[in-house]
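S.K.: My structure is below; once you've seen it, I'll send some questions.
Just so it is clear, none of the values below were taken in a lab; they were calculated from the coordinates. In this text the structure is predicted, and so the values were computed from the model without any measurement. Cβ sites come from the backbone with ideal geometry, for glycine too, and all protein chains shown count toward neighbours.
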Amino acid sequence: MLVRLLYASRAVDTSAAAIEAILTQSRQHNPGCGITGILCYGGGVFLQAIEGGRSAVNDLYGHIQRDPRHKNVELLHYEEIAERRFG
């Protein structure tokens, strides 16, 4: 069962190095877990769509909620999907 999750959060550290570190970690971790998606950043706000198996997506979202680099994490949308849009 594939799902897509969309969330928004605020960056704690808005430096270019901090944002690049989050992007690098996502690129290294997500493919091995079967996760695809897109990460957008602007004005101190992240907007990310995450796709994959329900368990993998839920685990990643839980990690993001606990990640001290994010604050005010808000779930915007969650749905079952037949196919991926990203990756």
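S.K.: Per 0.36 nm of contour for each residue apart, how much would the distance between residue 82 and residue 39 grow if the chain were fully extended, relative to their Cα-Cα spacing?
M.R.: 13.4 nm is the gain from fully extending residue 82 to residue 39.
S.K.: What fraction of the Cα pairs in the chain, stated in percent, has a spacing above 18 angstrom?
M.R.: 37
S.K.: About the Cα centre of the stretch 2-81, how large is the charge dipole given +1 on each Lys and Arg Cβ and -1 on each Asp and Glu Cβ? Please answer in debye to the nearest 20.
M.R.: 120
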